[in-house]
Amino acid sequence: MNNHSSKLKILIIDDELSGRTMIEYYIQEYMNEMVDQIIKVSSIDEAKESMLIFTPNLVFTDYELSGEDGLKITPFLKENCILVVVTAHSQYAINAIRASVFDYILKPIDEVDFIKFRIRLIQHLNLKVGTLNPLNNAESFVIKENGENILIPYEDIIFIEASGAYSKVVTLNRKYIATKTLKALEETSLPKSFLRVHRSFLVPKWQITSFSSNYLCLKDGTHISLSKTGRKILQDSF
């Protein structure tokens, strides 16, 4: 999923603007590198009209759409289209399962639930079309800063440090603040070569020059705390 043609075309169906905006936010925050195009509509009729010129391969729909059932979009989707129900009502889960929806996400969307969905989606796409995990294949990841998307090459990163609900990304040239926790970055934005050596630090393996029982040394001379669990992870990686 690394070229334009293989990226996702996403359709969001929700009769409330806040619902459409919330889903789009999570898509852009956690799936941005996977997405080609997003179209948002408020009804089944608008969805069908949009599909005259737009063929989605991933659809997010609310279950209750101003009196109509969101699953009524199903007959109009292409065979391999992935359907996800996003709703505030848990009681429709059985109906969704019977309709073979890919996932059922409750509103308000929880960060952890969306991350789990993203992981399942990547696994599904890998099995379906034999693509590689874009997280392992990409050369950089995106940080939003002052309304702009900043591409940070993985090779420029020296280490990443926890900073409350945020993370401080230290590169060769400057420091950035990522609006994600270390756990979220580890699970959604970084390749496996970034090691969680401490609860407060993620370190790219290629930056490590030596380590002892409780700290490691990086190429630029920085010393990073090394936990017992982190030391085991580090030893297992060699």
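Quick notes
- Taking the inverse of the mean reciprocal distance over all distinct Cα pairs, the Kirkwood hydrodynamic radius of the chain comes to 19.6 Å.
- The separation of the stretch 197-238 from the stretch 48-66, counted between C-alpha centres, amounts to 47 Å.
- Cα point-scatterer Debye curve for the stretch 153-237, base-10 log of I(q)/I(0) at q = 0.12, 0.17, 0.20 Å⁻¹: -0.30, -0.61, -0.87
- Förster radius 22 Å - calculated FRET efficiency between Glu111 and Glu64 (Cβ-Cβ, nearest 0.05): 0.40
- C-alpha long axis of helix 17-30 to longest principal axis of the chain, angle in °: 30 degrees
- Protection proxy ranking of 58-71, 221-234 - average other beta-carbon atoms within 10 Å, highest first: 58-71, 221-234
- Among Gln207, Leu17, Val85 the positive-end extreme of the charge dipole of the chain (Cβ point charges): Gln207
- Per DSSP, loop trypsin sites (Lys or Arg not before Pro) in the stretch 13-85 with at most 15 further Cβ within 10 Å: Lys78
- Oblate is the label for the stretch 54-121. Its Cα gyration tensor axes, ordered a ≥ b ≥ c, give a/c of at least 1.5 and b/c at or above a/b.
- Between the helical axis of 228-237 and the longest alpha-carbon principal axis of the chain there is an angle of about 80 degrees.
- Pairs from the list Lys7/Lys72; Lys192/Lys228; Lys78/Lys183 with a Cα-Cα gap above 27 Å: Lys78/Lys183.
- Based on Cα contacts under 8 Å between residues 6+ apart, the stretch 4-135 shows a relative contact order of 22 percent.
Laboratory data are not the source of any read-out in this text; all were calculated from the coordinates shown. Computed from a predicted model, the values in this text were never measured in an experiment. Every residue, glycine as well, gets a Cβ built from its backbone with ideal geometry; the counts of neighbours run over all protein chains shown.
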